[in-house]
1. Name the one entry in L62, L103 that is modelled with pLDDT of 85 or more, outside any loop (DSSP other than H, G, I, E, B) and under 13 Å from the mean Cα position of the chain (by Cα).
2. For segment 101-123, which residues satisfy the criterion of being free of Cβ contacts under 8 Å to residues at least 60 places away in the same chain and of a type in the set (S, T, N, Q)?
3. Scan segment 112-136 for residues that are touching a Ser or Thr at 6+ places or on another chain (Cβ under 7 Å) and either assigned to a loop (DSSP other than H, G, I, E, B) or modelled with pLDDT under 95 (or both) and report the count.
4. Looking for something closer than 14 Å to L158 by Cα, in contact with a strand residue (DSSP E or B) (Cβ under 7 Å, 6 or more places away or on another chain) and hydroxyl-bearing (S, T, Y) - is there at least one such residue anywhere in segment 41-54?
5. Any residue at all in segment 143-151 that is under 18 Å from V111 (Cβ atoms) and in contact with a helix residue (DSSP H, G or I) (Cβ under 7 Å, 6 or more places away or on another chain)?
6. In segment 86-100, which residues are closer than 22 Å to V122 by Cα and either assigned to a loop (DSSP other than H, G, I, E, B) or of a type in the set (D, E) (or both)?
7. When segment 58-86 is examined, which residues are found to be loosely packed, with under 14 Cβ neighbours inside 10 Å and either without any contact (Cβ under 8 Å) to a residue 24 or more places away in the chain or touching a Leu at 6+ places or on another chain (Cβ under 8 Å) (or both)?
8. Going residue by residue through segment 139-153, is there one that turns out to be surrounded by 23 or more Cβ atoms within 10 Å (Cβ to Cβ) and not in a strand (DSSP E or B)?
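The values are calculated or read from the model by the stated rules, or taken from the named source; none is laboratory data. Only a predicted model underlies this, so the values are computations on that prediction, with no experimental measurement involved. Cβ atoms come from the backbone with ideal geometry, glycine included; neighbour counts cover every protein chain shown.
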Amino acid sequence: MSTDVDGATGASCGIRGLWTASWEDPTVPEPTTYPEVGATGPAATHWVPPAGYRAYARTFVLGHGEEHWAWASAEVLVWGIKTRSGFRVEPGGRVVEGADQRLRAIVGPVVVTEPVRVVAVVESADRCGFAYGTLPGQPVSGEEAFVVHRDPDGTALLTLRSLTRAGRGRWRVVFPALLVAQRWYRRRYARALRADG
């Protein structure tokens, strides 16, 4: 049995959720929980993070050759880096800029739901990836980017970038534990698209 930890607030209220508050327009997307949308710059080869966040950037070798590049660059664009690291992505499919998704991290008996919006997608001959930003209900606030790229010698690489700060409300109390979980998942991301992974 699993426990769903979801801080998102819904628009439904009233008897059995049959009434939707008239002042909430379901066609208007919720804003991200941070103002610097796109600040992880997945299309950029060099990155200068904005102040006010725990910034992280690291590049890992995935493998060599055209075959591995083709596989890894395609896999990152269908959420493979997340699903191969233990997340469920709903609704899933291909990453699309502007699309809202729910990431579900399964940690033992606990399922943590992370609402996100894809804020940037890059797809070029030598660089493919995306960035997503946090929406209300997320345990943390900020942005993550996952970029597969290749060097002229054919080496396929993965660059992770993130901007993180504490989420709102009850999530602030567990922020130190969330940072530990974030480091654990980064190790999984580093292996998810490797040739020997």
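1. Matching residue, one of L62, L103: L103.
2. Q101 - this is the single residue of segment 101-123 that is free of Cβ contacts under 8 Å to residues at least 60 places away in the same chain and of a type in the set (S, T, N, Q).
3. Final tally of qualifying residues: 3.
4. The answer is no; no qualifying residue exists.
5. Scanning segment 143-151 turns up no residue that is under 18 Å from V111 (Cβ atoms) and in contact with a helix residue (DSSP H, G or I) (Cβ under 7 Å, 6 or more places away or on another chain).
6. E90, P91, G92, G93, R94, V95, V96, E97, G98, A99, D100
7. Hits for segment 58-86 are R58, T59, V61, E67, A70.
8. The answer is yes, given that some residue of segment 139-153 is surrounded by 23 or more Cβ atoms within 10 Å (Cβ to Cβ) and not in a strand (DSSP E or B).
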